[in-house]
Amino acid sequence: MNKFVLVLALACVPLAMCVCVCDPAKGTCDPVTGNCLPGSCIGNFGGALCDQPLHDFINCPAGTKTDIVNALRTFYNNMDGPNWTHNNGWNNLASNDPCADGWYGVTCYPGNTCNILSIILTNNNLGLSAGRTEVDMDSLAMFHTLRVLDLSHNGFGGPLPKTVAYLRDLQSLLMQNNAHTGSVPSTINLMKQLQYVDLSNNLFTGPMPYFDASNAALMYIYLNDNMLQGQWTTQLQVNDFLKSIWLYHNCMS
């Protein structure tokens, strides 16, 4: 019988979790600890969990590298990049390699710009100076190999775009401590590689997003401190790996 922690009304200390993404060319995780095996860890990604095989590992066919750079620049421009707290590399118009040139918050598979593994821009003043309220998820939609997206603590408002589901290899989605409104998009249930979801401390309303048993990788769900309503038991089919669900400070039963 599956055992997991359900927190409906009390705040507590987060459980320990694997904090690296494994190099898919070198193996995966220790089956007991969940940590990356020695020599297989690419980097620490602030809560990212260990890997499953990439669906779209590509080797930069003609034009792809330019498309990647252009997509990141579009995101930068749409999110008022010149006023970010940290924008090293992003602000260098001569740079055409986010990995080799060290663009802030961007981590790639070693030696391959086409396979961006993480974008971590937490607490970085994205778009707030220009008064933008919604996150530009459309510009990131082509990053099918992305494992970790952390845009937390940036003050975004408006709905979380449905296009987040285009990030089909995403393992960790961190959007906590923003000001998102509306319902959590139902398309999040299509993201079958998700292991860690943190949408806490926003202004989401409506029912808890639906997660069915096909979300077999899902281990941690943080939806606390929103305005969600309804019964959580109708929205979740428990898988064998689920460890923790935080739902406190909502209007759920």
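Brief remarks on what is shown
- Looking only at residues of the range 227-247 that are touching a Phe, Trp or Tyr at 6+ places or on another chain (Cβ under 8 Å) and at pLDDT 80 or above, we find that the one that is nearest to Val184 (Cα to Cα) is Leu228.
- When the residues of the range 72-97 are filtered to those that are open to solvent by less than 10 Å² (accessible area, probe 1.4 Å) and touching a Phe, Trp or Tyr at 6+ places or on another chain (Cβ under 8 Å), the one that is modelled with the lowest pLDDT is Ser95.
- Sole residue being open to solvent by 30 Å² or more (accessible area, probe 1.4 Å), over 19 Å from Asn124 (Cβ atoms) and modelled with pLDDT of 85 or more, chosen from Asn177, Asn224, Asn189, Asn250: Asn250
- Residue count for the range 200-235, restricted to those that are under 20 Å from the mean Cα position of the chain (by Cα) and outside any loop (DSSP other than H, G, I, E, B): 6
- Spans of strands (runs of 3 or more DSSP E) in the range 123-199 with at least 1 residues under 17 Å from Tyr222 (Cα atoms) and of a type in the set (Asp, Glu): 148-150, 196-198
The values are calculated or read from the model by the stated rules, or taken from the named source; none is laboratory data. Source: prediction; values computed, not measured. FYI the Cβ positions are ideal-geometry reconstructions off the backbone, even for glycines, and counts take in every protein chain you see. Ligands, DNA and RNA are stripped out before the accessible areas are found, and what is left, the full protein with its side chains, is counted by its heavy atoms. Shrake-Rupley method; radii C 1.70, N 1.55, O 1.52, S 1.80 Å.
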